[in-house]
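Below is one structure, written out as structure tokens; comments come after it.
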Amino acid sequence: MTMNRREALTLALGAGAAIGLGIRPSLAADDIVIGGSIPLSGVFAFAGIGIHAGIQDYVKIVNDAGGIAGRKVTYLAEDTAYKADQSVAVFNKLTSQANINLYYSDSTAFAKTINAELDRKKTILMAGASFASELNDSKKYPFQFISGPDYTQMFDILLQYVAKTKPGAKIAFVHSDTEFGRDPIAAGQEKVKALGLKMTEVIVTPPTAVDVSTEILKLRRANPDYTIFHGYVLAPLPEFMSQAKQMGLATKFMGTFWSMDNSLWTKVGEPADGFMGVMPYRYYYDTEGKSPMLEKIRQMRPEYQSTAYMQGFLTAMLFLESAKRTLEAKQELNGTNLKAALNSLKDFDTGGIIGVPISIPGNSIPVGRVYRYDAAKKLMVADSDWIKVGG
Amino acid sequence: MDFDWLFFTEVTLAALGNSALLALTGLAFVLIYKATRVVNLAIGEMLMIGAYLFFSFTAGMGLPPWGAVILSIIGGALLGAAIERSVIRPMLGEAAISVFMVTIGVGSVLIGLTELIWGAEPTALPDFMGKTPIFIGDAYVSRKVVIGFSVAAAVIALFLLAFRFWRGGVALRATASDQAAAYSCGINVPAVFSLAWMFAGAAAAGGGILVGAVGGIAPTMGVFGLSALVVVIVGGLDSIVGVLIGGILVGLLEAWCGTYLGGEYKMLATFSLLMLVLLVRPYGLFGTVEIERL
């Protein structure tokens with residue numbers, strides 16, 4: 001049989017659609033349902049894939065142990081390509097198909113866009129990939145939370161580390177000219193002053209910048225003891241670090257959560273040596289202390305799992321702990337009760353995902369730790385104790 | 001306060017590195033537009049594929065960088081030919097906007113394939129340019145800037161000479177100015193189209209290796225192609241010299257604004273320049289003014 005171009009195209013599109021639609025898990029009426037607008041493609045796909053796997057694994061652990069109060073947990077998610085309009089479309093679709101109790105959001109833009117709808121519904125508790133400081137406001141965002149410190153708190157953790165390690169140190173900030181990049185800058189500058197440190201330069205890079213040679217020259221002039229990056233994943237950090245080394249600059253480079261994945265820096269290699277940053281979670285390979293959840297993860301997935309995976313895993317854990325506490329109190333699973341249950345967490349043991357017991361008095365978990373990349377070991381290693389900051 | 005001339009010189013020299021990257025990527029736009037009148041928005045993604053091929057040949061297969069560069073450029077050329085033959089040629093005679101939209105689709109397909117083959121994580125290219133800094137007088141210049149600028153300048157000069165003296169280059173120019181006349185002179189116009197896409201694919205792959213060496217590689221790096229589009233519009237969509245001058249202009253403007261006003265002014269300055277040029281010379285600084293007779 002011969003096939004013309006149009007038939008071949010139709011067949012290919014049909015096959016693609018079939019794969020894309022996938023097979024939906026069957027849903028019982030009393031299932032606890034986690035929905036998700038997940039960026040499995042697009043600019044944030046590197047994180048979305050890990051987040052997706054992390055949520056899936058925690059849901060599996062809970063279901064294998066019999067669910068929550070005998071109720072099965074179902075996770076329904078669709079790809080958003082990290083586009084806010086697509087995230088909203090997925091939210092509308094999933095909430096019209098199932099009684100969603102908990103929801104994973106892929107971006108700050110979506111979290112802000114859908115907030116009014118969450119307020120109207122009052123049935124869903126949401127968390128997600130955003131650590132935006134703006135979301136850390138339980139009055140404005142009563143049905144949302146952040147599974148870690150917000151970006152301002154991350155800067156706070158880094159600056160407290162610096163103030164303790166080198167009092168009076170000179171600081172430079174380098175950030176992208178995006179909402180993400182600008183987030184903690186103003187508050188960070190205030191914190192620098194408050195901690196007796198010295199702000200020497202704030203460098204802004206356009207979102208599409210590739211060559212940052214001129215910015216590196218500015219940094220050389222400022223000659224800071226510490227340079228803190230924010231608003232990036234990887235580029236242009238390695239170029240900054242590599243050229244700074246060429247110039248003999250002694251500054252130490254630091255970053256925030258999304259720049260902290262171990263596999264990213266392993267691929268950069270030797271120029272990454274000494275890069276530091278704030279991590280709200282332990283790494284996949286951390287073995288210090290008691291960490292039954294990390295051991296469980298390593299059993300389920302023998303290969304390295306990213307920091308995004310840890311974020312997804314912990315978010316699912318907090319979701320379902322809130323659901324468990326709500327059901328134990330014989331309350332209805334709605335946004336108000338789920339959020340109250342979340343806020344009741346006090347000195348909660350995450351099974352080693354976070355190295356200290358956590359409390360969530362507001363919308364964030366204000367704790368983190370500084371890790372440093374050791375190029376010889378090819379690992380991020382802990383460089384501080386867990387640092388708690390004002391919630 | 002005295003003006004720091006050494007710093008100004010260093011910033012200006014550093015700007016030439018960015019100019020080179022923009023010009024080389026812009027060259028790929030121009031080669032295709034010049035011969036086929038297609039504005040190819042998938043250039044950024046073709047550049048990305050070149051960078052990923054280099055990554056596979058070096059980090060994956062352990063080939064020496066010079067071998068990987070050659071193979072990546074050949075791979076880029078083959079990709080250009082494949083796109084032209086399978087997607088663009090069947091669109092000949094269709095409205096320009098349809099072809100334009102198809103190139104956007106091609107870009108999306110290339111991103112999807114990259115995520116499937118190499119994954120979605122950003123990564124760094126193995127260092128192949130060395131680390132020793134270069135000083136011109138007292139002024140520091142990054143080694144990558146010097147190499148990037150030298151390569152881009154050499155490639156652009158090569159294409160200028162090819163278009164002027166090489167038989168294939170003359171055929172490209174003839175096809176660009178009048179396809180029907182080129183046909184009647186015995187020029188194989190479809191082959192010329194393929195040739196233009198192959199050259200563009202090769203230039204984009206070379207540009208991708210340089211961009212990747214500076215900024216790392218990721219499925220999103222194709223967005224750099226849009227920055228280069230500004231350069232092409234400023235220089236003139238069908239002018240190779242224009243792309244070089246446009247690249248230098250945009251590179252210098254961005255560097256000076258970013259240094260003395262702040263990084264948030266870079267885009268503002270670039271797009272102000274774009275508007276100014278289009279207001280004064282709608283076909284770009286060196287673009288051909290087309291006169292349509294009814």
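Miscellaneous remarks
- A:Ile51 falls short on exactly one of the conditions (1) in a helix (DSSP H, G or I); (2) among the hydrophobic types (A, V, I, L, M, F, W, C); (3) closer than 15 Å to A:Val33 by Cβ, and that condition is (3).
- Pairs where the first residue, in the range A:56-79, is free of Cβ contacts under 8 Å to residues at least 24 places away in the same chain and the second is not in a strand (DSSP E or B), C-beta under 6 Å, 6+ apart: A:Asn63/A:Lys72
- Residues of the range B:208-225 satisfying the condition of being at the interface with chain A (Cβ under 7 Å from one of its Cβ atoms) and assigned to a helix (DSSP H, G or I): B:Val211, B:Val214, B:Gly215, B:Val223, B:Phe224
- Hits in the range A:343-391 - residues which are aromatic (Phe, Trp, Tyr) and closer than 18 Å to A:Phe313 by Cα: A:Phe348
- Test: B:Met267 is part of a helix (DSSP H, G or I), buried (at least 18 other Cβ atoms within 10 Å of the Cβ) and free of Cβ contacts under 8 Å to residues at least 40 places away in the same chain: yes
- In this structure, B:Glu264 does satisfy being under 30 Å from A:Thr214 (Cα atoms), modelled with pLDDT under 90 and either hydrophobic (A, V, I, L, M, F, W, C) or over 17 Å from the mean Cα position of the chain (by Cα) (or both).
- Some residue of the range A:348-371 being among the acidic types (Asp, Glu) and closer than 14 Å to A:Tyr281 by Cα: yes
- Once the range A:222-238 is narrowed to residues that are among the β-branched types (Val, Ile, Thr) and away from chain B (no Cβ under 12 Å), the residue that is surrounded by the fewest Cβ atoms within 10 Å (Cβ to Cβ) is A:Thr227.
- Any hit, the range A:315-331, residues being free of Cβ contacts under 8 Å to residues at least 24 places away in the same chain, within 22 Å of A:Gly67 (Cβ to Cβ) and in contact with a Ser or Thr (Cβ under 8 Å, 6 or more places away or on another chain): yes
- Scanning the range B:130-148 for residues that are in a loop (DSSP other than H, G, I, E, B) and either in contact with a Pro (Cβ under 6 Å, 6 or more places away or on another chain) or within 12 Å of chain A (Cβ to nearest Cβ) (or both) yields a total of 5.
- Pair list, Cβ under 8 Å, 6 or more apart: the range A:88-115 residue under 11 Å from A:Gly35 (Cα atoms) and without any contact (Cβ under 8 Å) to a residue 60 or more places away in the chain, other residue of a type in the set (S, T, N, Q) and in a strand (DSSP E or B): A:Val90/A:Ser37; A:Phe91/A:Ser37
- Scan of the range A:255-273 for residues that are away from chain B (no Cβ under 11 Å) and within 21 Å of the chain's Cα centre (by Cα), ordered by number: A:Gly255, A:Thr256, A:Phe257, A:Met260, A:Asn262
Let's see how each residue does on (1) touching a helix residue (DSSP H, G or I) at 6+ places or on another chain (Cβ under 6 Å); (2) surrounded by fewer than 20 Cβ atoms within 10 Å (Cβ to Cβ); (3) not small (Gly, Ala, Ser):
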site: A:Lys166; (1), (2), (3): no, yes, yes
site: A:Thr178; (1), (2), (3): no, yes, yes
site: A:Gly181; (1), (2), (3): no, no, no
site: A:Thr205; (1), (2), (3): yes, no, yes
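- Residue check for A:Met260: touching a Lys or Arg at 6+ places or on another chain (Cβ under 6 Å) and either farther than 17 Å from B:Gly215 by Cα or touching a residue at least 40 places away in the same chain (Cβ under 8 Å) (or both): no
Conditions tested, residue by residue: (1) surrounded by fewer than 20 Cβ atoms within 10 Å (Cβ to Cβ); (2) more than 10 Å from chain A (Cβ to nearest Cβ); (3) part of a helix (DSSP H, G or I).
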{"position": "B:Ile104", "(1), (2), (3)": "yes, yes, yes"}
{"position": "B:Leu110", "(1), (2), (3)": "no, yes, yes"}
{"position": "B:Ile117", "(1), (2), (3)": "yes, yes, yes"}
{"position": "B:Glu121", "(1), (2), (3)": "no, no, no"}
{"position": "B:Leu125", "(1), (2), (3)": "no, no, no"}
{"position": "B:Phe128", "(1), (2), (3)": "yes, yes, no"}
{"position": "B:Ser150", "(1), (2), (3)": "yes, yes, yes"}
{"position": "B:Leu161", "(1), (2), (3)": "yes, yes, yes"}
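- Meets criteria (in contact (Cβ under 8 Å) with a residue 24 or more places away in the chain and either among the basic types (Lys, Arg) or closer than 22 Å to B:Ile49 by Cα (or both)) for B:Ala255: no
- As a summary of the residue check, A:Ala244 satisfies the conditions (1) assigned to a helix (DSSP H, G or I); (2) not assigned by TED's automatic domain parsing to the domain that holds A:Asp183 except for the one numbered (2).
The values are calculated or read from the model by the stated rules, or taken from the named source; none is laboratory data. The model shown is predicted, which means the values in this text are computed figures rather than measured ones. Cβ sites come from the backbone with ideal geometry, for glycine too, and all protein chains shown count toward neighbours.
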